[in-house]
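To keep things clear, I will list the structure first and then write my remarks on it.
The values are calculated or read from the model by the stated rules, or taken from the named source; none is laboratory data. Remember, it's a predicted structure, so these values are computed and weren't measured experimentally. With ideal geometry, Cβ positions are generated from the backbone for all residues, glycine too; neighbour counts draw on all protein chains shown. Heavy atoms of the whole protein, side chains included, go into the accessibility calculation; ligands, DNA and RNA do not. Shrake-Rupley method; radii C 1.70, N 1.55, O 1.52, S 1.80 Å.
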Amino acid sequence: LFHWQKWRDICVGDIVRLRKENFVPADMLLLCSSEPSSLCYVETADIDGETNLKFRQALLATHQELVMICEEPNSRMHSFTGTLEWRGETYSLDSERILLRGCKLRNTDVCYGLVIYFGGLCVMGNSYPGFPSQIFLVLLVTSLCLAVASGFWARMFQEKHSYLSALYKHTTPAQQAFFNFWGFTILLSIIIPMSMYITFEFIYLVNSFFINWDLEMYYAVKDIPAKARSTSLNDQLGQIEYIFSDKTGTLTQNVMSFKKCCINGTIYGNFWWTQPRARSLPRAPAACLCLLQGSGLTWSHHGEKKLDFYDATLLEAARRDSDPVLREFLRLLALCHTVMVEEKGDQLVYQAASPDEEALVLAAKNLGYVFLARTQDTITISELGLKRTYKVLAMLDFNSDRKRMSVLVRDPQGTIRLYTKGADTVILERLPDVSSLQRFAEETLRTLCLASKEVSEIEYSMWSRRHHEASVLLQDRARELDKLYEEMEQNLQLLGATAIEDKLQDGVPETIQLLKLGNIKVWVLTGDKQETAMNIGYACKLLTDDMEILEEKEIR
C-alpha cells in the first residue's frame, strides 16, 4: 500500500513509486519499472545540465527479500559501488542501476525504487540553496510588519496628543507606514552580508530586463529569447577576459550525421545529399530499393533526418552479403551500443544517451542491419531481413580513460565474439593503414575504429569467473574491471572506421570573431584527434593563417 510522503520524511529502506515527469526525491536503487526489461528513462538536466535522456535498468533479481551493501555517501555523481545479496547470490550494482535525487522520470509510466541515501546524504549536483533570497524575504517581511505597526502607532499617537497634530497634518498614518517601510528596509539591511546588497540587486534586476528585451539576441528559429537567469549577469559579462568552451553541443549542433566509412581498406560515402537537393540526384538503383524494402525500409525513410549518407556500391555489397568483413562491420554497428528502441506503430524509435551511437545505429539500419530489441541479456537484430538474437555475455563500458566500449556476445550458432569500437588513438597500433583516418580528419569528421575477435569457450569461462569476482568488489572495483577489459580487448581484428559529421552551430565563426575583436581570449576543449581539431579551429575562425600552431611535443 503506497501513500503520499514529503521528501523530508523519506527514510533509507523505503520503497518509492514514481510516475512519469516526477522528480526523484532521494538516491534510489531501481527495482523495476513498467517498461520492458525494467528499463527507466531519466533526465539529469537539473544535476549536470545534460538534456539527453539516460536509461537505467533494474536487476532481474530484485524482488522481495534482498540485502544491499553500498559505499558511504559521497560527491561522486557519476560513479557508484555496491552489491546486492538475494537468495545466496551476490549481484554487482553500479551507477546504471541508481536513480539520483533531482532527476526527472521521462518516457516511463511507473517505476519502483529502494531508497539508499536521503536528505543531505544525496548528491545534489547543482542544487542552489537560495540563501540570499531567503534573507531578502525575511528582511521584507520584517520591514513590512514594522511599517504596519508604525502606522497604527502613528494613528494612536495623533489621537492622544492632539497638540502635536500640526507635525503630521501633511501625512496620513498610511503614508507614514509606507515611508517607514523603506526606512526599516535600509536600517535592517545590515542582516545581509553586503551592506549595499539591496541597492545593487535592484539595479541589476532592472538592467537584466534589457538583456531579455534585446531583439538581436532573439533566436527566431526556435522562438527563444535571451533570458538573464542571474541579476548580476550584466556586471559579470563586463569582467570576462577568457572564455573556455566545449566543442560538442556548444560550438556544434550535437546532431550527428553518418558521412563516410572505411571497411577493409575501401572508403565508402563519396556521394551524399541533403533533403532539399535529393531531386537533382539520379534515381537509386533497383538493387538498393530491393535491399531497403527487404529490410523493412522505404526509400523515403532512407532520406530521413540524420541520414544523408548514400553509396550505391556499399548498398550493393551489403545486399550480396559476400564480404565477411563488411558483414561483421555492420553487425558490430547494430550490436555494440547502449541505444534503447521503442516501437511506435510501424516505426522504430531509438533513444540514445549519445547522438554518435544513434547515428551509427541508424546507419546500420539504413544498410539492412536493423536493431530491433534489447532485454537484460539479449539483443535482437534483423540482418538483411533475417531476425537473429544474440545473448549478451558482458558489456565492457566506455569511459574517458578507455575511450572505447565493447560487447561480448554469443551468436545463434553458439560462437562467442567480442565487438569493440573506440577512438583511433587507442586502436591505432592495430591499423595497417591510417591514411583513411587522416583523410576523414581533414574533413573535420569524428572518427571511430571498429574491431572484433572470436573468443574460445575456455578463455571466456576463465575470464567470466574473474569478471564476476571483480564486479562485486566494494574496493578498487573500477581498476580491477579495467584490467580485465584490457585483457579481453587484445589481438583484435580491425574491421574498419566510421566518420561522423557534427556541424557547427549557426553564427559560430562570426561570434568567435567578434569576441576576439573585443580582446576576449577563447579556448576550446575537444577530444578529437589533432587534425580534426585544427580543421574545426579554422572553420570556426578560432585559428587563422597568420597564427603559429604549436604541437604538444613542441611545447614540451
Residue pairs meeting the criteria (Cβ under 8 Å; at least 6 apart or on separate chains; first in contact (Cβ under 8 Å) with a residue 12 or more places away in the chain and of a type in the set (D, E), in the range 516-533; second part of a loop (DSSP other than H, G, I, E, B) and open to solvent by less than 50 Å² (accessible area, probe 1.4 Å)): D528/K247
Residues of the range 129-152 satisfying the condition of being open to solvent by less than 70 Å² (accessible area, probe 1.4 Å), in a helix (DSSP H, G or I) and either aromatic (F, W, Y) or at pLDDT below 80 (or both): P132, I135, F136
Top-ranked residue of the range 500-521 - restricted to ones that are touching a Ser or Thr at 6+ places or on another chain (Cβ under 7 Å) and hydrophobic (A, V, I, L, M, F, W, C), ranked as least open to solvent (accessible area, probe 1.4 Å): I500
Failed item in (1) open to solvent by 60 Å² or more (accessible area, probe 1.4 Å); (2) of a type outside the set (S, T, N, Q); (3) modelled with pLDDT of 80 or more, with L188 passing the rest: (1)
The range 492-507 residues that are basic (K, R), paired with ones that are at pLDDT below 90 (beta carbon under 9 Å, 6 or more apart): K503/T252; K503/Q253; K503/V255; K503/S257
All helices (runs of 4 or more DSSP H) inside the range 208-321 with 3 or more residues being at pLDDT 75 or above and over 24 Å from K365 (Cβ atoms): 233-237
Residues that are in contact with a strand residue (DSSP E or B) (Cβ under 8 Å, 6 or more places away or on another chain) and part of a helix (DSSP H, G or I), drawn from the range 409-427: D424, V426, I427
Tally of residues being open to solvent by less than 70 Å² (accessible area, probe 1.4 Å) and within 19 Å of I243 (Cα to Cα) across the range 531-556: 9
Wholly within the range 71-115, strands (runs of 3 or more DSSP E) carrying at least 1 residues that are of a type outside the set (G, A, S) and farther than 18 Å from D46 by Cα: 82-86, 89-93
Matching residues in the range 207-248 - criterion: being of a type in the set (D, E, K, R) and surrounded by 10 or more Cβ atoms within 10 Å (Cβ to Cβ): D214, K227, D235, D246, K247
Total residues in the range 21-43, condition surrounded by fewer than 16 Cβ atoms within 10 Å (Cβ to Cβ) and out of contact with any Lys or Arg (no Cβ under 7 Å at 6 or more places or on another chain): 2
Condition met for E85 (modelled with pLDDT of 80 or more, within 29 Å of V392 (Cβ to Cβ) and either open to solvent by 50 Å² or more (accessible area, probe 1.4 Å) or under 17 Å from the mean Cα position of the chain (by Cα) (or both)): yes
Failed condition for D528, given (1) open to solvent by less than 80 Å² (accessible area, probe 1.4 Å); (2) charged (D, E, K, R); (3) farther than 30 Å from I243 by Cβ: (3)
Checklist (1) of a type outside the set (V, I, T); (2) surrounded by 18 or more Cβ atoms within 10 Å (Cβ to Cβ); (3) assigned to a loop (DSSP other than H, G, I, E, B) applied to A61, failing item: (2)
Among (1) open to solvent by less than 80 Å² (accessible area, probe 1.4 Å); (2) under 24 Å from the mean Cα position of the chain (by Cα) - the single one S461 does not satisfy: (2)
Residue within the range 42-58 that is farther than 16 Å from N107 by Cα, outside any helix (DSSP H, G or I) and over 21 Å from the mean Cα position of the chain (by Cα) present: no
Members of the range 313-340 found to be closer than 25 Å to M405 by Cα, open to solvent by 30 Å² or more (accessible area, probe 1.4 Å) and not hydroxyl-bearing (S, T, Y), listed by number: D323, P324, R327
F2, sole failed condition from (1) in a loop (DSSP other than H, G, I, E, B); (2) open to solvent by less than 80 Å² (accessible area, probe 1.4 Å): (2)
Check on Y204, among the aromatic types (F, W, Y), in a helix (DSSP H, G or I) and at pLDDT 70 or above: yes
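Here is a yes/no grid of residues against (1) out of contact with any Leu (no Cβ under 6 Å at 6 or more places or on another chain); (2) within 30 Å of K483 (Cβ to Cβ); (3) among the small types (G, A, S):
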site: P324; (1), (2), (3): yes, no, no
site: E342; (1), (2), (3): yes, no, no
site: A359; (1), (2), (3): yes, no, yes
site: G368; (1), (2), (3): no, no, yes
site: F371; (1), (2), (3): yes, no, no
site: I379; (1), (2), (3): no, yes, no
site: S382; (1), (2), (3): no, no, yes
site: V392; (1), (2), (3): yes, yes, no
site: K403; (1), (2), (3): yes, yes, no
Strands (runs of 3 or more DSSP E) within the range 348-408 that include 1 or more residues within 21 Å of I263 (Cα to Cα), open to solvent by 10 Å² or more (accessible area, probe 1.4 Å) and at pLDDT 90 or above: 378-383
Subset of the range 10-41 [closer than 26 Å to T83 by Cβ, more than 18 Å from the chain's Cα centre (by Cα) and in a loop (DSSP other than H, G, I, E, B)]: I10, C11, V12, G13, D14, P25, A26, E35
